[in-house]
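Okay, structure first, notes after.
What follows draws every value from the coordinates through simple rules; no lab data is involved. Note that this is a predicted model, so its numbers are computed, not measured.
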Amino acid sequence: MAAAEEVRWRTTWKAGYTRDALYFGFCCQEPDLAGVRDDAVDQRMSHFWNQDCVGVALEPRRMWPAIGFLANARGSRWSMVGYQPHSDYRWQAAAQREAGCWSVVLRIPFVCLGRKPGEPLRFNVSRIIPQPQKGKGEIVHRWVACQPLPQSRLIFDADNPADLGWLTFVANPSLLNGGDRKGIRCNKNMKSK
């Protein structure tokens, strides 16, 4: 994302977890809330690139296709594995709007990933900003830059495992306010053994 676009559509995110689920919170600055595109119906957002939305890609096992969890600015959800629709909607999304921004919180139970908390996970987060009026398609802002592979990996299409960073689980109450919540340390450069 260019510097001017980054300021205009600043996106911040945080992650945390409990015994049962991962949580991702996004705050998306938006200079034109009236122009936000979020008309897709829950679980029917297959054309997500035409929606103002945020997403998390989580790789449940090394070298498996990532599961995508996306939600638009009103909380409609879409899930996919690679580029195929995914039918597990045990996860939730909640959205709200405030002056100059919209926000989304995703709650993704570990059972949706077949994982237990504590094991590092590869992931990426993104924000999609459609730009149809400018004929530019969409702007995509990612935590780890996307570097598609030059050739398809069969059903995984051109997804590149290098496009994922790492979530490392840490029990540090000073990171969050009370409760049994835990923090997550994010690292783009963590090497696998």
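For region 18-132, the relative contact order works out to 35 percent when only alpha carbon pairs closer than 8 Å and six or more residues apart are counted.
Distances between placed amide hydrogens fall under 5 Å for V81 paired with G68, H86, all partners being 5 or more residues away or on another chain.
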